[in-house]
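Asks: Dropping the structure in here first, questions after.
The values are calculated or read from the model by the stated rules, or taken from the named source; none is laboratory data. Model, not experiment: these values are computed from the prediction. Here Cβ is always computed from backbone atoms with ideal geometry, including for glycine, and neighbour counts include all displayed protein chains.
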Amino acid sequence: MMETSPLIAAQDPLVGDYRQVLHWTMKDKPAQVIWLQILAIMVFILLGLAFSSLAIHLGKLPETVKFGLPEIGTTLAGIMATILLHELVHGLAMRLCGARPQYGLLWKQLMFYATSPGYGFRRNSYLLVALAPLVGLSCLAVLGMFLLRGTNWVALLALCATINGSGACGDMWLGSIVLRYPKSAYVVDEKDGIRVFMRSD
Ligand SMILES: [Zn+2]
């Protein structure tokens, strides 16, 4: 079904009428959300193997990693920082594209988000917004492993990079959806989904 809904603002001056050609939201797609969770677990395992291998070879991971109470605390703090940083990078990319991001937490799904409702991103800019945390934070983690090689930090960086990558499954999923539309389409990001708009004529 086609819905008509105005774009409040966009990356370019909007000329003419735009119609909404897609409204994808998590609550309308419970089956896809379950698939996404299964995919996230598989990606977690694969990335876990990849980043562990980088930690061993590039990061010269010590053979024995001490893991007591302080390390548990540091690990939990690292995981929390990764989740927040992931959303912050989405927000930075949104800002780079002229939007004003808002941050929050979806209590029901226990999911942090960065969004800019009503703002139309060019399709390719939306891809940048969606993939910036995956690419940016993965590169930072690998650089960190190299700079801190030989220390316990390498293990934490590998874990955080794995969590960040598996958390980006939804971003990749949405990226693959918007790629079905031409690059002249505009994408509006919402807390729990996206809307795609195209010119009516
Ligand atoms: Zn994300």
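Asks: What's the number of the only condition in (1) within 23 Å of residue 105 (Cβ to Cβ); (2) modelled with pLDDT under 95 that residue 162 fails to meet?
Replies: That leaves (2) as the condition not met.
Asks: Here's something else I'd like to know. Pairs, please: C-beta under 7 Å, at least 6 apart or cross-chain, first residue part of a loop (DSSP other than H, G, I, E, B) and in the range 90-109, second among the basic types (Lys, Arg) and surrounded by 14 or more Cβ atoms within 10 Å (Cβ to Cβ)?
Replies: 101/95
Asks: Now for a different question. Being among the β-branched types (Val, Ile, Thr), away from the ligand (no atom under 16 Å from the Cβ) and within 22 Å of residue 19 (Cβ to Cβ) is the filter here; which residues of the range 115-143 pass it?
Replies: Correct list: empty.
Asks: Tell me whether the range 82-101 contains one or more residues that are surrounded by fewer than 17 Cβ atoms within 10 Å (Cβ to Cβ) and polar (S, T, N, Q).
Replies: no
Asks: I've got another one for you. How about the range 51-87: which of its residues are touching a residue at least 60 places away in the same chain (Cβ under 8 Å) and in a loop (DSSP other than H, G, I, E, B)?
Replies: Selection gives 58, 59, 60, 61, 62, 65, 66.
Asks: Sticking with this one: Restricting attention to the range 153-168, and to residues there that are touching a Leu at 6+ places or on another chain (Cβ under 7 Å) and near the ligand (Cβ under 9 Å from one of its atoms), which single residue is farthest from residue 38 (Cα to Cα)?
Replies: The extreme case among them is 164.
Asks: Condition test on residue 106, is it out of contact with any Asp or Glu (no Cβ under 6 Å at 6 or more places or on another chain), at pLDDT 95 or above and either of a type in the set (A, V, I, L, M, F, W, C) or away from the ligand (no atom under 12 Å from the Cβ) (or both)?
Replies: Answer is no for this residue.
Asks: Kindly evaluate residue 134 against the criterion of being within 29 Å of residue 51 (Cβ to Cβ), crowded, with 19+ Cβ neighbours inside 10 Å and within 14 Å of the chain's Cα centre (by Cα).
Replies: Judged against the criteria, residue 134 is a match.
Asks: I would also like to ask the following. Quick one: is residue 77 surrounded by 13 or more Cβ atoms within 10 Å (Cβ to Cβ), under 30 Å from residue 158 (Cβ atoms) and modelled with pLDDT of 95 or more?
Replies: For residue 77, the condition - surrounded by 13 or more Cβ atoms within 10 Å (Cβ to Cβ), under 30 Å from residue 158 (Cβ atoms) and modelled with pLDDT of 95 or more - is not met.
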